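See below for the structure under consideration.
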Amino acid sequence: MSGILTLGQFIIEKQSDFPYAKGELSRLLRDIGIAAKIVNREVNKAGLMDILGEVGTINIQGENQKKLDVFANEQFISALTSGGECCIVASEENDEFVPIDAEVSKNARYIVAIDPLDGSSNIDVNVAVGTIFSIYRRKSTDGKATLEDVLQQGTEQVAAGYVIYGSSTMLVYTTGKGVNGFTLDPSIGEFCLSHPNMKIPTDGTIYSINEGNYVHFPDGVKKYLKYCQIEDEQTSRPYTSRYIGSMVADIHRNMIKGGIFIYPTTSSAPNGKLRLVYECNPMAFIIEQAGGRATDGYNRILDQQVTSLHQRSAIFIGSKNMVLKAEELMQQYSALT
Ligand code: P6P
């Protein structure tokens with residue numbers, strides 16, 4: 001396979017990026033890649049299998065659990081368990097963190113926070129969905145890993161990534177040394193390097209937000225939306241509105257084309273809707289590593305204090321200059337009281 005660099009080969013080549021790791025993080029990333037291929041197989045034939053629809057259970061978010069997100073959750077937890085490198089999995093689908101059996105994880109040094117199938121409400125309408133993951137080093141040194149090992153600040157992440165199950169399936173990740181994207185080649189069942197050293201454009205002309213919540217937006221967001229919609233040839237406005245309703249797909253598009261994704265506070269989500277630990281922090285790490293910016297409208301996402309597993313945050317993320325403009329209007333019209 002001349003010229004093709006698989007995810008596994010790339011990870012091994014980059015082993016030197018982790019001076020203290022003796023291959024554990026590499027194995028962890030490969031375990032995640034394997035689970036993503038299994039989930040991808042099921043997502044791609046979801047319409048043919050009895051795995052669409054709901055299982056009749058509700059997750060801690062109060063959302064109907066669809067069969068595929070339960071399946072995806074099981075696949076990632078199983079891969080992370082069998083790999084032996086992970087001691088705790090914190091998942092959007094589980095109320096509490098999932099401790100990995102002590103026998104298997106006695107030497108495990110990593111914690112994984114994951115949204116196994118983000119945007120799963122789009123599955124039934126054949127719209128792109130994604131997986132988001134975040135990896136921390138275990139802090140506790142003896143006994144069982146604890147919740148404190150999970151509730152680490154975003155700046156402590158050693159790796160983060162997402163998988164987008166779209167027109168093609170891609171795995172995009174960072175270990176703090178830039179961002180690289182791999183496209184799944186189904187003919188060989190491998191993720192192959194297709195987007196080396198990804199950088200998000202500093203400027204963009206796409207804004208992505210659920211304008212159905214307009215009346216409940218902070219004034220600063222309303223002012224920013226009007227700024228996007230005003231005719232101004234010099235700054236290529238009006239911008240284009242694009243909203244898929246799947247965080248991974250909206251942010252991935254902006255990564256490639258430039259743009260801003262905003263999920264602000266609303267009346268139904270006074271702290272924002274998206275979860276800090278396994279959605280906002282990993283995506284913020286990736287976008288910052290690609291040269292973008294990620295804040296809650298005021299402060300850097302990665303600096304936020306993490307106090308609970310499923311805590312939520314407002315998020316303004318994407319092309320640096322677009323996020324800065326939105327923050328300027330937030331600070332002018334929606335100053336923190
Ligand atoms: P709304 C999907 O349910 C999700 O968690 C994100 O992937 C997405 O960006 C957001 O919620 C969509 O939320 O309220 O616009 O439907």
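The values are calculated or read from the model by the stated rules, or taken from the named source; none is laboratory data. Values in this document were obtained by computation on a predicted structure and should not be read as measured data. Ideal geometry is used to build each Cβ from the backbone, glycine not excepted, and the neighbour counts take in all protein chains shown.
Observations
- Residues (among the small types (Gly, Ala, Ser) and loosely packed, with under 14 Cβ neighbours inside 10 Å) located in the stretch 141-175: 143, 167, 168
- In the stretch 35-68, residue surrounded by the fewest Cβ atoms within 10 Å (Cβ to Cβ) [restricted to those that are modelled with pLDDT of 65 or more, within 16 Å of the ligand (Cβ to nearest atom) and farther than 22 Å from residue 79 by Cα]: 62
- In the stretch 96-117, the residues that are part of a strand (DSSP E or B) and either modelled with pLDDT under 95 or among the aliphatic types (A, V, I, L, M) (or both): 98, 99, 110, 111, 112, 113, 114, 117
- Hey, residue 173 in contact with a helix residue (DSSP H, G or I) (Cβ under 9 Å, 6 or more places away or on another chain) and more than 13 Å from the ligand (Cβ to nearest atom) or not: yes
- Members of the stretch 202-239 found to be among the β-branched types (Val, Ile, Thr), touching a Lys or Arg at 6+ places or on another chain (Cβ under 8 Å) and within 16 Å of the ligand (Cβ to nearest atom), listed by number: 206
- Within the stretch 316-337, tally of residues that are closer than 18 Å to residue 281 by Cα and among the basic types (Lys, Arg): 1
- Residue in the stretch 114-140 that is farthest from the chain's Cα centre (by Cα), counting only those that are surrounded by 24 or more Cβ atoms within 10 Å (Cβ to Cβ), more than 13 Å from the ligand (Cβ to nearest atom) and not β-branched (Val, Ile, Thr): 136
- Within the stretch 276-289, the set of residues being within 23 Å of residue 119 (Cα to Cα) and surrounded by fewer than 24 Cβ atoms within 10 Å (Cβ to Cβ) comprises 288 only.
- Yes/no for residue 305 being farther than 20 Å from residue 166 by Cβ, among the polar types (S, T, N, Q), touching a Gly at 6+ places or on another chain (Cβ under 9 Å) and surrounded by fewer than 24 Cβ atoms within 10 Å (Cβ to Cβ): no
- Where a residue in the stretch 317-337 is over 10 Å from residue 221 (Cα atoms) and its partner, wherever it lies, is among the charged types (D, E, K, R), with Cβ under 6 Å and at least six apart: 319/203; 320/293; 321/203; 323/293
- Scanning the stretch 240-252 finds no residues that are touching a residue at least 60 places away in the same chain (Cβ under 8 Å), more than 12 Å from the ligand (Cβ to nearest atom) and out of contact with any Gly (no Cβ under 6 Å at 6 or more places or on another chain).
- Of residues in the stretch 85-104 being more than 22 Å from residue 276 (Cα to Cα) and free of Cβ contacts under 8 Å to residues at least 40 places away in the same chain, the one nearest to the chain's Cα centre (by Cα): 100
- Subset of the stretch 59-95 (residues that are part of a loop (DSSP other than H, G, I, E, B) and closer than 25 Å to residue 268 by Cβ): 59, 60, 61, 62, 63, 92, 93, 94, 95
- Residues that are more than 21 Å from residue 32 (Cα to Cα), touching an Asp or Glu at 6+ places or on another chain (Cβ under 8 Å) and free of Cβ contacts under 8 Å to residues at least 40 places away in the same chain, drawn from the stretch 127-156: 139, 140
- Being closer than 13 Å to residue 325 by Cβ, in a strand (DSSP E or B) and aromatic (Phe, Trp, Tyr) is a property that residue 207 has.
- Selection within the stretch 111-152 - β-branched (Val, Ile, Thr) and closer than 14 Å to residue 98 by Cα: 111, 112, 114, 146, 150
- All conditions in (1) part of a helix (DSSP H, G or I); (2) surrounded by 15 or more Cβ atoms within 10 Å (Cβ to Cβ) hold for residue 256, with the sole exception of (2).
- Restricting the stretch 258-279 to residues that are in contact (Cβ under 8 Å) with a residue 60 or more places away in the chain and closer than 23 Å to residue 223 by Cβ leaves a set whose member that is farthest from the ligand (Cβ to nearest atom) is 258.
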